[in-house]
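Rule-based calculations on the coordinates, nothing more; no lab input. Keep in mind it's a predicted model, so treat the numbers as computed, not measured. With ideal geometry, Cβ positions are generated from the backbone for all residues, glycine too; neighbour counts draw on all protein chains shown.
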Amino acid sequence: MFSKLLKILVIKINCDLCGKTEETLARALIEGVELDVCSSCSKFGKIIRTVSRPSPKEQHRQVMHRHVMQEQKEEKIEMIVENYSSVIKTKRESLGMTQKDFASRINEKESTVHKMETGHMEPPIDLARKLEKLLGVKLVEQPEENHERIKKGKDGGFTLGDFIKVRKKQ
C-alpha cells in the first residue's frame, strides 16, 4: 500500500524555460530571475546550484505535511456588529472629535465617516479593526455556529401536499 502511495506522489521536476522533465535541474540566474532549468537551458544564464528531485520518503512527508496543514486551517468568519453606526458615532462624540478630525485621524475621507455613522456603509474588516483600536470599542465579532439537525415532520413547514390540501378546502 505504501509503495503504491509513493508511486502516485512522485513529484516531477520540470524546466522552468522549456518544460523538459529531468532528475536534476540547475538553479540558474537568467535575465535577473532565478529559475530551475535543464542542462540545455542552463547555458542561458549563470548556474547558482543544482536542484534534485526529493526522495520518495521526502515527497511523502511533504504531501502529508500539506494535508495536515490544510486540515488545521479553520475558516474564521468575521462580521461587523449590527449597531456599528451608533457605536462609532457615540464613541467619537464622547471623545469630542468632529467627523473631520476623526476622518483625518483614521486617514479616511470625511464622507466615509459620515456614511459609516449613518449606516449607509458598513466598514470593511480592516477599517473596523483600525476603529476598534482607536476608539476602544468592539466592532468585529465571530458569529456562533449552531449545528442543529433539522427535524422533518408536520411542524417543519409547508410541503407541496399541504398546499394541495389548503387549496381543496377553499
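Summary of values
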item	result
Dipole-positive endmost among Val113, Ser94, Ile77 within segment 71-128 (Cβ charges, Cα centre)	Ser94
Segment Glu31-Glu132, extension gain: residue separation times 0.36 nm, minus the distance between their alpha carbons	31.7 nm
Relative contact order of segment 80-141, pairs being alpha-carbon contacts under 8 Å that are 6 or more residues apart, as %	44
Using a Förster distance of 25 Å, the FRET efficiency for Lys57-Cys18 (Cβ separation, nearest 0.05)	0.30
Potential lengthening between His114 and Glu141 on full extension [0.36 nm per residue; Cα-Cα distance subtracted]	7.5 nm
Charge sum, other residues only, whose C-beta stays under 14 Å from Cys41's C-beta, Lys/Arg counted +1 and Asp/Glu -1	-1
Separation of the Ser39 and Ile77 label points, Cα + 7 Å toward Cβ, nm	5.7
